[in-house]
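Note sheet for the following structure.
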Amino acid sequence: MVRREENKGDSGLAQLYPELLRCNRCGFCQGSCPTYKVTGLETAVARGHHSLLREIIEGRLDLSKETRGLLYGCLLCRGCVPPCMPAVETDKVVVRAREAYVDKFGLPWSRRWLFRSFLASTLLPSMASKVLALLRAAQIPRIARAVAGQKSASLLAYTGVLPGPPGFQTLRQRLVSKGLIKGGGKGKRVTYFIGCGFNYLLPNVGEATVSLLNRLGFDVMLVNHVCCGLPAYAYGDRKGAQSMARKNLRQLLSLDTEAVVTECASCSSFLKEYRQLLADDTEYAEQAARLSQKVKDINEILADNISLIRPRHAKTDTRVTYHDPCHLVRYQGIKEQPRELLKSLGNLEFHELAEADWCCGAAGTYCLENPHESMEVLERKMLNLQASGAQVLVTSCPACILQLSLGVRQRGWPIKVVHLTEIMAQASR
């Protein structure tokens, strides 16, 4: 670290000081921090983050490029929040610190292009998905993994766990071409927010989601939205996230529907947080608050309509377990709904997974920037999965699906990793 000769705190972090002072340094966060369990470093745990930022604010350390690895080594999984007696929201503290870092050092050109141009567009990701389809059809990723560096190889590894070569149609295009957005015609209208992961990489999940909504009598509407903005926000690019949020607000509130529904836990979580993201925006604050009230994760919609779901009650010995995405269980408090839904399917045997809410190590781009640590975090999840004896692992997040599928594939296990809506669509009439 760089010691500072003058006692000047970093003004970009000063607003965090009252929250940091609430940390009583008890260390209870150690037992629930996946990165601490892997690294054993105090700088990886919440207490360590708080101490580091206090040192910077009080002028004893400098917010330098040396601190980047410490700030971006957090999963933002919120595992440290429940055991924290003063309830310090370390995820928000870390994101604010990343914003201060970005304000001071700027965004690398690649990140700026990713957040300000690529994810803020509807055209560029669609074009990229078609390029990926061509590369996978030519088996380029398999060849490239043999010669790529560790981080590049980690990125390429995820292309091998996608369910077959993705076609040249995005999920949005498939829904329109198959007529699935017409709905059941019973007057209930919802706007479907298509997460990037499902639109471009896992379209089968989206088809299952819309199919279930149709069966429940919902008219499913689509709008031309962009990425929810969570990747930019988590990286510290608050301006990029706010720009995407404003674009989405103009689209999502243009239709008179009773809810905005998505099956992506990360998207539903962040859409609900638009009210905080744009709280100081005089033009969009009211709209952001209104949207936050309308957003529903698919687990909430299905649980509210569980009496309308007619399961098949054929005898089976299929054992199913469930992994809690961090953005579902800790950010939204949605825990019992997916379990109730799985237990309602009489043709499946539900078995609780040990440490079901322990992060899988994906955490957005964390798995790409920190591949070794990510795989170490995943190992704990894989050991619990093996002990469960389950043949099917269910979850509700695209990043979790890819990460868990990679872990299963690397070990050669005959375990299917599916989204909740996939198994609900298959196991019910």
Checklist entry - R0 = 30 Å: FRET efficiency of T365 with I306, Cβ-based, nearest 0.05? => result 0.30
Checklist entry - Helix 123-137 sits at what angle to the longest principal axis of the chain, using alpha carbons and giving 0 to 90 degrees rounded to 10? => result 70 degrees
Checklist entry - Can you give the accessible area per residue of the chain, in Å², using a 1.4 Å probe? => result 44 Å²
Checklist outcome for this item: Tilt, helix 371-388 to longest principal axis of the chain (alpha-carbon atoms), in degrees rounded to tens, equals 50 degrees
Item to check | Interchain or long-range residues, amide H under 5 Å from V295's placed H | outcome: V260
Checklist outcome for this item: Rounded to the nearest 10 degrees, the helix 150-159 long axis (Cα) sits at an angle to the longest Cα principal axis of the chain of 20 degrees
Item to check | Among A303, Q426, G179 the positive-end extreme of the charge dipole of the chain (Cβ point charges) | outcome: G179
Next on the checklist: How big is the dipole moment of the chain about its Cα centre under a simple scheme where the beta carbon of each Lys and Arg is +1, that of each Asp and Glu is -1, and everything else is neutral? Debye, nearest 20, please.
Outcome noted: 1080 debye
Item to check | Radius 11 Å from Cβ of F350, net charge of other residues (Lys, Arg +1; Asp, Glu -1) | outcome: 0
Checklist outcome for this item: Amide H neighbours of I334 at under 5 Å, excluding residues fewer than 5 places away on the same chain, with H built from the backbone geometry, are V329
Item to check | Residue (of A120, C33, G217) at the positive-pole extreme of the chain, dipole from beta-carbon charges | outcome: G217
Next on the checklist: Give me a comma-separated list of calculated 3J(HN,Hα) values for the stretch 95-104, in order, Karplus coefficients 6.51, -1.76, 1.60 applied at θ = phi - 60°, integers in Hz, x for any Gly or Pro.
Outcome noted: 5, 4, 5, 5, 5, 5, 5, 5, 4, 7
Next on the checklist: Using a 7 Å offset from Cα along Cα-Cβ at E286, what residues in the stretch 241-260 end up with backbone N under 16 Å from the label point?
Outcome noted: 250, 253-254
Next on the checklist: As a test of reading the structure, rank S129, S177 by solvent-accessible area (1.4 Å probe, protein chains only), most first.
Outcome noted: S177, S129
Checklist entry - When the accessible area of the chain is split by element with a 1.4 Å probe, what percent falls to carbon and sulfur? => result 52 percent
Next on the checklist: Could you check the spin-label model distance between S126 and C26? Points 7 Å from the Cα along Cα→Cβ, value in nm.
Outcome noted: 5.2 nm
Checklist entry - Mind listing the phi-derived Karplus ³J(HN,Hα) values for the stretch 352-358, rounded to whole Hz, using 6.51, -1.76 and 1.60 with θ = phi - 60°, and x for any glycine or proline? => result 5, 8, 4, 6, 4, 9, 6
Checklist entry - Computed from these coordinates, which is volume of the Cα convex hull per residue in Å³: (i) 146; (ii) 131; (iii) 453? => result (i)
Next on the checklist: Amide H of V417 versus every other amide H placed in the peptide plane: which residues, excluding those fewer than 5 positions away on the same chain, fall under 5 Å?
Outcome noted: L393
Checklist outcome for this item: So for R0 = 60 Å, FRET eff. of L135-D256 from the Cβ-Cβ r, to 0.05, ends up at 0.90
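The values are calculated or read from the model by the stated rules, or taken from the named source; none is laboratory data. These numbers were taken from a predicted model, which means no experiment stands behind them. Cβ sites come from the backbone with ideal geometry, for glycine too, and all protein chains shown count toward neighbours. Heads up: the accessible areas ignore ligands, DNA and RNA and are worked out on the full protein's heavy atoms, side chains in. Shrake-Rupley method; radii C 1.70, N 1.55, O 1.52, S 1.80 Å.
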